[in-house]
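A.B. asks: One structure, as structure tokens, below. Some questions next.
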Amino acid sequence: MRNKLCELAGVEKEKVLEANMLFATLDTTTRLVTLPSGKDALFSDTVGFIRKLPHDLIEAFKSTLEEVVYSDLILHVVDASNKNAVAQIETVNGVLREIGAEDKKVILVLNKIDMADEDGLSILRSKYDNTIEVSALKNINLDILLEMVEKEIYKNFISASLLIPYSEGKVISYLHENNCVEKEDYREDGIYVEIKTTPDIFGRVREYEIQ
């Protein structure tokens, strides 16, 4: 799934190993993906889970799982064609609780809908909210998935106009480093910028806001 998203919208096209085997990849890999509006997001691919994952394995995968804990959004990808899909979803939900990530915003991505039967999909639709049905192989609804991702991770962003004195160049640098400048204009009384950013970053530059 992540490989296909990177193929469609990724800045980096390098793929990671894909195989129908347990723990085909253990190391977390991160790729930059361009969202529909042109903004970028980092997509990290973590290890998959099995039912009743032993605690010692969870400990061994802590560095990988930390990517989930500190993420803004979780894409929980499930094989919708698998008859045990519900049990697999609950297994992952259990691991998320185990690592303290149960309160994270989640989009349940029902993959392989081109191979899934309608009865199985109906069960998943009725049981879970905030889902999207896709096929990475057939390129079905991946564009809609990216739109959902953008909507979720940017919905709490704040838009503001700032006027920053020329003597405060470090503030401009800070905003550019955090990739939140939408427009920039050099005026007689300072640098006018329009930003769209997170509440924490806005809080650090709020004093320069103009109405």
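The values are calculated or read from the model by the stated rules, or taken from the named source; none is laboratory data. In this text, all values refer to a predicted model and were calculated from it rather than measured experimentally. A quick note on method: Cβ atoms are made from the backbone with ideal geometry, for glycine too, and the neighbour counts reach across all protein chains shown.
A.B. asks: Please determine, by comparing only the residues of the stretch 182-201 that are closer than 9 Å to Ala160 by Cα and modelled with pLDDT of 95 or more, which one is surrounded by the fewest Cβ atoms within 10 Å (Cβ to Cβ).
C.D. replies: Applying the filter and picking the extreme gives Glu194.
A.B. asks: Turning to a different aspect of this structure: Kindly list, by first and then second residue, each pair from a residue in the stretch 90-107 that is under 13 Å from His76 (Cα atoms) and of a type in the set (S, T, N, Q) to a residue that is modelled with pLDDT under 85 and assigned to a helix (DSSP H, G or I), limited to pairs with Cβ atoms under 8 Å and residues at least 6 apart or on different chains.
C.D. replies: So the pair list comes out empty.
A.B. asks: Is it the case, given these coordinates, that Ser135 is more than 24 Å from the chain's Cα centre (by Cα) and of a type in the set (Ser, Thr, Tyr)?
C.D. replies: Working: more than 24 Å from the chain's Cα centre (by Cα): no; of a type in the set (Ser, Thr, Tyr): yes.
Taking the combined requirement at face value, the residue does not satisfy it.
A.B. asks: Examine the stretch 147-154 for a residue that is more than 12 Å from Ile107 (Cβ to Cβ) and either in the same structural domain as Glu188 (by TED's automatic domain parsing) or surrounded by fewer than 19 Cβ atoms within 10 Å (Cβ to Cβ) (or both), and state whether such a residue exists.
C.D. replies: Yes: the stretch 147-154 contains one or more residues that are more than 12 Å from Ile107 (Cβ to Cβ) and either in the same structural domain as Glu188 (by TED's automatic domain parsing) or surrounded by fewer than 19 Cβ atoms within 10 Å (Cβ to Cβ) (or both).
A.B. asks: Checking Asp119 against (1) assigned to a helix (DSSP H, G or I); (2) within 26 Å of the chain's Cα centre (by Cα); (3) assigned by TED's automatic domain parsing to the domain that holds Asp79, only one condition comes out false. Which one?
C.D. replies: For Asp119, the failing item is (2).
A.B. asks: Criterion first (at pLDDT below 80, buried (at least 19 other Cβ atoms within 10 Å of the Cβ) and under 21 Å from Val149 (Cβ atoms)) does Thr46 satisfy it?
C.D. replies: Yes, satisfied.
A.B. asks: Scanning the stretch 155-180 for residues that are modelled with pLDDT of 95 or more and in a strand (DSSP E or B), which turns out nearest to Asp40 (Cα to Cα)?
C.D. replies: Looking at residues that are modelled with pLDDT of 95 or more and in a strand (DSSP E or B), I get Ala160.
A.B. asks: Looking at (1) under 23 Å from Leu42 (Cβ atoms); (2) not assigned by TED's automatic domain parsing to the domain that holds Leu35, find the lone condition where Asp185 falls short.
C.D. replies: (1)
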